1. Would you order M1, M50 from fewest to most other beta-carbon atoms within 10 Å of each residue's own beta-carbon?
2. For K126, list the lysines whose Cα falls under 27 Å from its own Cα; do not include residues on the same chain fewer than 8 positions away.
3. Taking the 0 to 90 degree range and rounding to the nearest ten, how far is the long axis of helix 6-16 tilted relative to the main principal axis of the chain, both from C-alpha atoms?
4. Considering only DSSP beta bridges with both partners in the chain, what is the antiparallel share in %, to the nearest 5?
5. Under the Kirkwood approximation applied to all pairs of distinct alpha-carbon atoms, what is the hydrodynamic radius of the chain in Å?
6. Looking at the chain, which longest stretch skips every one of the GluC sites (Glu not before Pro) that is in a DSSP loop with at most 13 other Cβ atoms within 10 Å, leaving the sites themselves out?
7. How large is the helix-only mean residue ellipticity at 222 nm for the chain, computed as the sum of -39500 (n - 2.57) over DSSP H runs with n ≥ 4, divided by its residue count, in deg cm²/dmol to the nearest 500?
8. Identify all aspartates and glutamates with a Cα-Cα distance to K75 below 20 Å; exclude those on the same chain that are fewer than 8 residues away in sequence.
Amino acid sequence: MEPPAVDDYLRLRKESGLSERTREQAEKGVRGAWAACHVVHVESGEIAGMGRVIGDGGWYFHVIDMAVLPHHQRKGIGDAVLTALLGHIDERAPGAYVNLLADPPGRRLYARHGFVDSAPGSIGMKRT
Ligand SMILES: CC(C)(COP(=O)(O)OP(=O)(O)OC[C@H]1O[C@@H](n2cnc3c(N)ncnc32)[C@H](O)[C@@H]1OP(=O)(O)O)[C@@H](O)C(=O)NCCC(=O)NCCS
């Protein structure tokens with residue numbers, strides 16, 4: 001349960017199709033999450049995937065940065081990352097409220113882990 005290195009974080013966001021971040025943003029943020037994990041491909045030594053959780057440590061948690069490099073996708077890595085993160089939350093904060101903003105590629109994965117649409121009761125909003 002360790003965050004990826006800054007270079008790996010930037011690469012994973014870019015190559016998985018998430019919005020790119022600056023090095024300064026990554027350097028400030030990558031170790032700032034409540035929990036993070038990453039997966040390394042043993043044979044090549046390259047980063048393969050990651051996921052992080054921000055939260056208050058007590059009851060409120062938000063899953064972020066779920067990303068797997070395209071050539072490592074559909075092998076169960078995203079599932080393993082999410083399982084590890086949710087297990088970490090369940091161990092330390094049973095009964096926690098856990099949410100996320102689900103882009104289309106992750107929706108089936110999240111649904112398999114018990115996530116449901118929060119709308120119409122609550123909708124995600126972002127500052128523009
Ligand atoms: C979302 C994401 C992290 C999922 O990672 P992943 O490693 O591909 O996830 P998994 O392999 O665990 O599951 C993905 C699919 O592969 C399938 N799969 C898992 N192992 C498999 C295998 N050995 N053979 C064939 N299919 C397999 C799963 O059943 C799942 O199918 P489904 O989603 O069609 O139901 C990845 O697609 C990604 O990085 N997307 C781009 C970035 C993004 O949008 N992130 C989400 C932001 S909210």
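1. Values: M1 11, M50 27.
The fewest-first ordering by Cβ neighbours comes to M1, M50.
2. Once the sequence-local lysines are set aside, what remains near K126 is K14, K28.
3. Once rounded, the angle reads 70 degrees.
4. Values: 12 of 16 bridges.
So the antiparallel bridges in the chain amount to around 75 percent.
5. Details: mean 1/r = 0.0658 Å⁻¹.
Here the Kirkwood hydrodynamic radius works out to 15.2 Å.
6. Numbers: sites that count: E20, E43, E46.
For GluC sites (Glu not before Pro) (loop position, at most 13 other Cβ atoms within 10 Å), the longest site-free span of the chain is 47-128.
7. Values: 4 runs with 40 residues, N = 128.
Dividing the helical sum by the residues of the chain leaves -9000 deg cm²/dmol.
8. Filter leaves D8, E15, E43, E46, D65, D103.
Throughout, read-outs are computed from the coordinates displayed, never taken from laboratory work. These numbers come from a predicted model, not from an experiment. Virtual Cβ from ideal backbone geometry, glycine too; neighbours counted across all protein chains shown.
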